[in-house]
1. Considering only residues that are modelled with pLDDT under 90 and either under 20 Å from residue 276 (Cα atoms) or of a type in the set (Gly, Ala, Ser) (or both), which ones fall in segment 30-43?
2. Keeping to segment 141-173, report how many residues are under 25 Å from residue 190 (Cβ atoms) and either among the aliphatic types (A, V, I, L, M) or surrounded by 19 or more Cβ atoms within 10 Å (Cβ to Cβ) (or both).
3. Would you call residue 190 within 16 Å of the ligand (Cβ to nearest atom), within 23 Å of the chain's Cα centre (by Cα) and in contact (Cβ under 8 Å) with a residue 40 or more places away in the chain?
4. Before we move on, is residue 276 touching a residue at least 12 places away in the same chain (Cβ under 8 Å) and crowded, with 16+ Cβ neighbours inside 10 Å?
5. Just give me the residues in segment 63-102 being within 13 Å of the ligand (Cβ to nearest atom), surrounded by 23 or more Cβ atoms within 10 Å (Cβ to Cβ) and either among the aliphatic types (A, V, I, L, M) or more than 21 Å from residue 235 (Cα to Cα) (or both), in sequence order.
Amino acid sequence: MNFYHRLSSPEKSELDRQIASLDWPLVHQLVQSVVLKPQTWKIPADLSPPTVYPYVPNDASQQEKYRKAFARGEDLLRQGKIAAFVVAGGQGTRLGWDGPKGTFPATPVRQKPLFQCFAEFLVALAKRYGRAIPFYIMTSPINHAATVSFWECHQYFHLNPQQVMFFPQDMLPAISFDGKALLETPASLALSPNGHGGSLLALHKSGALADMQRRGIEQISYFQVDNPIVRCIDPLFIGLHDLDEAQMSSKMLPKAFGKEKLGNFCLVNGKLTVIEYSDLPDSLAEQRLPNGELRFRAGSIALHAMRRDFVESLNDHGFALPYHRAEKKVPCIDPISGQPIKPDKPNAVKMETFVFDALPLTTRSIIYETSRTDEFAPIKAPTGVDSVVSSREITTIRNAEWLLAAGVQIPRRPDGTPDCSIEIAPSFALYPQDVLARKSDIPPISAGDKVYLQ
Ligand code: UTP
């Protein structure tokens, strides 16, 4: 590079530190296999939909299985065998929030940050089952310090700091189409996190898996940082996964329409695989069964249960997940003139891993269907679909359903949506059935009210 000699000493040491932190043999291998040799993907010939545990059990024997599974999940919690794991290393470019995404004010009434939602859920769960729940938080080198200081500032939202572990994922450089690492500034490479699949490597490299082993953790409940109403640990789901001796399992949502932007759960040569919505041809995405249902109806919402020993096995002989090529517009500097470049079309390849690529590596995996209103309100963008606005609306709709089931009157707009905002803290209710016992604490709700229940 032409600029090194012009950098100040601190700039030089920062760049040296950055360069030393990267896995260059891996980068070299990926330049050859991912950047210079564009990946081709062909729709597999042997493709079929997987079987799924339905949201509501089909018959009496399945109902009995769900009862047993819920009890198993609760037992695992009582025995302290489940850890919660959130991946919070993404860049959140679509949201455009100045800070880690987990610090974003999410809830409809108190505007609690996403991290607080998870902490309160885990505090309430630990109280119910009489056992602390270890919480692992994956950051990236970009947001690690800000994430840790946010938690410290808020005294860990009443979690015991001994139970909360932070660790950053690895970064990879953006590579130009001719195979060179790009510079973002004269003193810094253009780096980005190695994808959410990098969490399964970071769990190993950081010592988190070893820490889990010391604590007697057998199961990991994996979720993303952007969903304020996620059940950080769901005894029913993790119980089904454990009873069936699965290695890694998934929750799914029935897609609202064929080309909805969710990964598609498919069986490829008998192996469970997630095919991205952009890769599934329209003819298959839209295909319907005689009963009118989509044939490939199971959409991935990135909620997984995984055995700790399965994640360990993914790291036994180097890291097992493949790297994908993503062509992106990466702001950088011209390596000769040093002039900034703001590309208007993709100029580089980013290399990323996806957590769902671990699924085909399992010998046993289950999928459990969940309900959209019950636990899917992601915040990806400021407005529109999957925005803070839609997330707050879904949260209120979910909470209104919980209250209605306990016989509470909900004011409605002409279109049927609740004419109020309702926030239920996990200390008030973890499950809909908890509401009944607290019914006397719920005030009458009028149009336009903002109701907070704790
Ligand atoms: P997204 O696909 O929504 O990406 O991540 P993002 O980086 O947060 O947001 P955009 O695409 O830049 O707008 C889904 C989940 O995976 C985590 C994110 O933090 C989020 O919880 N993730 C993603 C990581 O932890 N690391 C990554 O490298 C990528």
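1. Across segment 30-43, the qualifying residues are 38, 39, 40, 41, 42, 43.
2. Total meeting the criteria: 13.
3. no
4. no
5. Correct list: 86, 87, 88, 89, 90, 100, 101, 102.
One line per residue, one yes/no per condition, for (1) surrounded by fewer than 21 Cβ atoms within 10 Å (Cβ to Cβ); (2) in contact (Cβ under 8 Å) with a residue 40 or more places away in the chain; (3) assigned to a helix (DSSP H, G or I); (4) away from the ligand (no atom under 15 Å from the Cβ):
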| position | (1), (2), (3), (4) |
| --- | --- |
| 359 | no, yes, yes, yes |
| 379 | no, yes, no, no |
| 394 | no, yes, yes, yes |
| 400 | no, no, yes, yes |
| 409 | yes, no, no, yes |
| 414 | yes, no, no, yes |
| 430 | yes, yes, no, yes |
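The values are calculated or read from the model by the stated rules, or taken from the named source; none is laboratory data. All values derive from a computational prediction rather than experimental measurement. All Cβ positions, glycine included, derive from the backbone under ideal geometry; neighbour counts span all protein chains shown.
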